[in-house]
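First up is the structure itself, then whatever we jot down about it.
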Amino acid sequence: MFHFKRALRLAAPAPIRFAHALRGGGTHAGSPRSLIACGEGIAQTNSLVGNWLARSAAVAIVAAGLGPATAQKLDLPKTLTLTAYDTGTSGFNISVAVGKMFKDKYGTDVRVLPAGNDVARLAPLRAGRAQASAMGIGIYFAQEGVLEFATREWGPQALQLLLASNDCNGLAMAVAADTGVKGMQDLRGKRVAVVGSPALTQNALALLAFGGLSASDVKLVEFASNAAMFKGMLNNEADAAATSTINPLAREVETSPRGLIWPATPHSDEAGWARLRKIGPYFAKHKATCGAAGLSPAKPLELPAYPYPLFMGYASLPEGVAYGVTKAMIDGYESYKDGAPGAAGLALMAQNLSWAVPFHPGAVKALKEAGVWKPEHEANNQALLKRQSVLAAAWANFLKSNPPGDKDALRKAWMSARGEALKKAGHEPVF
């Protein structure tokens, strides 16, 4: 029996503490059948793991009664601290499953610190209070220094990947069936739910763009959380919400009188995909084979997706630690792949090694040893590292230029300076 005990502090005056036993091996999310897939903020509160973990504010994973199994000696810290999405999300649950493997095989305790937004997830890493994070698409916006990172306090961040989950689910627009919507273009005039996260709102806008729509073509309804957003759909306060196809809250809408559909984003619609990627260049074409509204290998649907969670650290993370963490996750895969829905997507052969954020040199070493790192991956990685260097130099020069004190004026000036620097270096500004 393994015990999860003693929740740890996450900048809270009175953190919740608990000791509780978890039996069994969790729920299998399906084998990885794609190179790109995922969704973020996936509440798993109707699962055993999700219900139990939702009572905690941070988790220390400790195996009781067993020492670490015989394993290769790696440069791992005695305690590894990760930040993740809120308790109950798939990113949090996957982190806990991976953390159990670290304790069982390597004797490393893992603390999982939940946080409600991307800034809160990165702040402990930047302050040296955590080594890594199970991030969502906010990793891309932080790298680029845009949206909530286009501030004097942040700017572009040198973030690098370790491993990411690419599973069978897609990221799409969940739409109440009683609206009569069939395609993305039919959402004109409908109520689209969003939460207070620029990254997740960007996802919704990108999906709308596929149908030729913008924010002005729909009624954006803001909710405080992922759970509140879907409660709003159930209460007929909203008609649609961007989410993962395996979000259990989407299943609640599916089984309600409203019903649920996923408007497809056909891969053959090149114009639609061009519009979508102009706003969300991190999306990839994907065939979703699991999730609500009947998705299965027998009934797949062409939808967008991107990896989630993305295990990452700063470029300053010691190469030995980055290598050790990545190597352990590769070698220990069988121990955690069934520990939480979506964990199977961390399989070595499911990795997208030419994504939009570079891999850490330590991770590259582990991937080379595993025989999957190819010259084309190295070329993409070097181009991304060069992009980060251009952004870092542009930010440093911008701060020396006595930028405006007003927050909005600073953001506008930075975006202009950022765009000019990237174009001069031969990179696409995107934003």
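Name the single residue, out of those in the stretch 177-197 being surrounded by fewer than 20 Cβ atoms within 10 Å (Cβ to Cβ) and touching a residue at least 60 places away in the same chain (Cβ under 8 Å), that is nearest to Arg251 (Cα to Cα).
Ala177
Kindly check whether there is at least one residue in the stretch 94-110 that is of a type in the set (S, T, N, Q), surrounded by fewer than 22 Cβ atoms within 10 Å (Cβ to Cβ) and within 18 Å of the chain's Cα centre (by Cα).
Within the stretch 94-110, the subset of a type in the set (S, T, N, Q) is 95, 108.
Checking the rest, the ones that are also surrounded by fewer than 22 Cβ atoms within 10 Å (Cβ to Cβ) come to 108.
Now drop any that are not within 18 Å of the chain's Cα centre (by Cα), which leaves none.
Within the stretch 94-110, none of the residues are of a type in the set (S, T, N, Q), surrounded by fewer than 22 Cβ atoms within 10 Å (Cβ to Cβ) and within 18 Å of the chain's Cα centre (by Cα).
On the given criteria, is Tyr308 within 21 Å of the chain's Cα centre (by Cα), more than 30 Å from Gly211 (Cα to Cα) and surrounded by 19 or more Cβ atoms within 10 Å (Cβ to Cβ)? Write out each step before concluding.
On the way: within 21 Å of the chain's Cα centre (by Cα): yes; more than 30 Å from Gly211 (Cα to Cα): no; surrounded by 19 or more Cβ atoms within 10 Å (Cβ to Cβ): yes.
Criteria not met by Tyr308.
Residue by residue through the stretch 396-431, note down the ones that are more than 25 Å from the chain's Cα centre (by Cα) and of a type in the set (Phe, Trp, Tyr).
Phe398, Trp414
What helices (runs of 4 or more DSSP H) completely inside the stretch 310-415 contain at least 2 residues that are touching a residue at least 12 places away in the same chain (Cβ under 8 Å) and in contact with a Pro (Cβ under 7 Å, 6 or more places away or on another chain)?
On the way: elements: 319-331, 333-336, 361-369, 375-400.
Output list reads 319-331, 375-400.
Let me confirm something: among Leu113, Leu80, which residue is within 19 Å of Gly362 (Cβ to Cβ), more than 12 Å from the chain's Cα centre (by Cα) and not polar (S, T, N, Q)?
Numbers: Leu113 fails: within 19 Å of Gly362 (Cβ to Cβ).
On inspection, the qualifying residue turns out to be Leu80.
Within the stretch 313-333, does at least one residue satisfy the condition of being within 18 Å of the chain's Cα centre (by Cα) and either of a type in the set (Phe, Trp, Tyr) or under 22 Å from Val146 (Cβ atoms) (or both)?
yes
Return yes or no: is Tyr336 of a type in the set (Phe, Trp, Tyr), modelled with pLDDT of 95 or more and under 20 Å from the mean Cα position of the chain (by Cα)?
Working: of a type in the set (Phe, Trp, Tyr): yes; modelled with pLDDT of 95 or more: yes; under 20 Å from the mean Cα position of the chain (by Cα): yes.
It is true that Tyr336 is of a type in the set (Phe, Trp, Tyr), modelled with pLDDT of 95 or more and under 20 Å from the mean Cα position of the chain (by Cα).
Check Glu153 against each of (1) closer than 25 Å to Trp262 by Cβ; (2) of a type in the set (Asp, Glu); (3) free of Cβ contacts under 8 Å to residues at least 40 places away in the same chain and name the one condition it does not meet.
With respect to (1) closer than 25 Å to Trp262 by Cβ; (2) of a type in the set (Asp, Glu); (3) free of Cβ contacts under 8 Å to residues at least 40 places away in the same chain, Glu153 is out only on (1).
Which residues, taken from the stretch 148-176, are under 30 Å from Ala347 (Cα atoms), among the aliphatic types (A, V, I, L, M) and surrounded by 21 or more Cβ atoms within 10 Å (Cβ to Cβ)? Please lay out each step first, then the result.
The initial filter retains those residues of the stretch 148-176 that are under 30 Å from Ala347 (Cα atoms), namely 156-174.
With the extra rule that they be among the aliphatic types (A, V, I, L, M), the set shrinks to 158-159, 161-164, 171-174.
Selection gives Leu159, Leu161, Leu162, Leu163, Ala164, Leu171, Ala172, Met173, Ala174.
One residue is enough: does the stretch 222-238 have a residue meeting the conditions assigned to a strand (DSSP E or B), in contact (Cβ under 8 Å) with a residue 40 or more places away in the chain and either surrounded by 19 or more Cβ atoms within 10 Å (Cβ to Cβ) or at negative phi (or both)? Outline the logic, then answer.
Here is the first cut: in the stretch 222-238, the ones assigned to a strand (DSSP E or B) are 222-223.
Checking which are in contact (Cβ under 8 Å) with a residue 40 or more places away in the chain leaves us with none.
No, because not a single residue in the stretch 222-238 is assigned to a strand (DSSP E or B), in contact (Cβ under 8 Å) with a residue 40 or more places away in the chain and either surrounded by 19 or more Cβ atoms within 10 Å (Cβ to Cβ) or at negative phi (or both).
When you look at Lys278, is it assigned to a strand (DSSP E or B), charged (D, E, K, R) and farther than 18 Å from Val175 by Cα, yes or no? I'd like the intermediate steps shown before the answer.
Values: assigned to a strand (DSSP E or B): no; charged (D, E, K, R): yes; farther than 18 Å from Val175 by Cα: yes.
Considered against the rule, which asks whether it is assigned to a strand (DSSP E or B), charged (D, E, K, R) and farther than 18 Å from Val175 by Cα, Lys278 comes out as no.
Scan Leu353, Leu385, Leu410, Leu348 and give me the residue that is out of contact with any helix residue (DSSP H, G or I) (no Cβ under 7 Å at 6 or more places or on another chain), surrounded by 12 or more Cβ atoms within 10 Å (Cβ to Cβ), closer than 25 Å to Met135 by Cα and not β-branched (Val, Ile, Thr).
Numbers: Leu353 fails: out of contact with any helix residue (DSSP H, G or I) (no Cβ under 7 Å at 6 or more places or on another chain); Leu410 fails: closer than 25 Å to Met135 by Cα; Leu348 fails: out of contact with any helix residue (DSSP H, G or I) (no Cβ under 7 Å at 6 or more places or on another chain).
Unique residue meeting the criteria: Leu385.
Tell me whether the stretch 288-310 contains one or more residues that are modelled with pLDDT of 95 or more and within 30 Å of Gly107 (Cα to Cα).
So far as the stretch 288-310 goes, yes, one or more of its residues are modelled with pLDDT of 95 or more and within 30 Å of Gly107 (Cα to Cα).
Please list, ordered by residue number, the strands (runs of 3 or more DSSP E) wholly in the stretch 75-189 having 1 or more residues that are more than 22 Å from Leu205 (Cβ to Cβ) and of a type in the set (Val, Ile, Thr). Working first, answer last.
On the way: elements: 79-84, 109-114, 132-135, 159-164, 171-176.
Passing ranges, in order: 79-84, 109-114.
Can you find a residue that is part of a loop (DSSP other than H, G, I, E, B) and within 30 Å of Glu144 (Cα to Cα) anywhere in the stretch 285-304?
Keep residues of the stretch 285-304 that are part of a loop (DSSP other than H, G, I, E, B), which gives 289-290, 292-294, 297-298, 300.
Checking which are within 30 Å of Glu144 (Cα to Cα) leaves us with none.
For the stretch 285-304, residues part of a loop (DSSP other than H, G, I, E, B) and within 30 Å of Glu144 (Cα to Cα): absent.
Take the residues of the stretch 206-259 that are within 21 Å of the chain's Cα centre (by Cα) and among the charged types (D, E, K, R): which is nearest to Pro300 (Cα to Cα)?
The qualifying residue nearest to Pro300 (Cα to Cα) is Arg251.
Would you confirm whether any residue within the stretch 275-292 is of a type in the set (Ser, Thr, Tyr), farther than 22 Å from Gly136 by Cα and surrounded by fewer than 23 Cβ atoms within 10 Å (Cβ to Cβ)? Walk me through it before giving the result.
Initially, the stretch 275-292 is screened for residues of a type in the set (Ser, Thr, Tyr), giving 282, 289.
Cutting the leftovers down to farther than 22 Å from Gly136 by Cα gives us none.
So far as the stretch 275-292 goes, no, none of its residues is of a type in the set (Ser, Thr, Tyr), farther than 22 Å from Gly136 by Cα and surrounded by fewer than 23 Cβ atoms within 10 Å (Cβ to Cβ).
Anything in the stretch 71-93 that is surrounded by fewer than 22 Cβ atoms within 10 Å (Cβ to Cβ) and among the small types (Gly, Ala, Ser)? List them, or say none.
Result: Ala71, single match.
The values are calculated or read from the model by the stated rules, or taken from the named source; none is laboratory data. Computed from a predicted structure; not experimentally measured. Cβ coordinates were reconstructed from backbone atoms using ideal geometry, including for glycine residues, and neighbour counts include every protein chain displayed.
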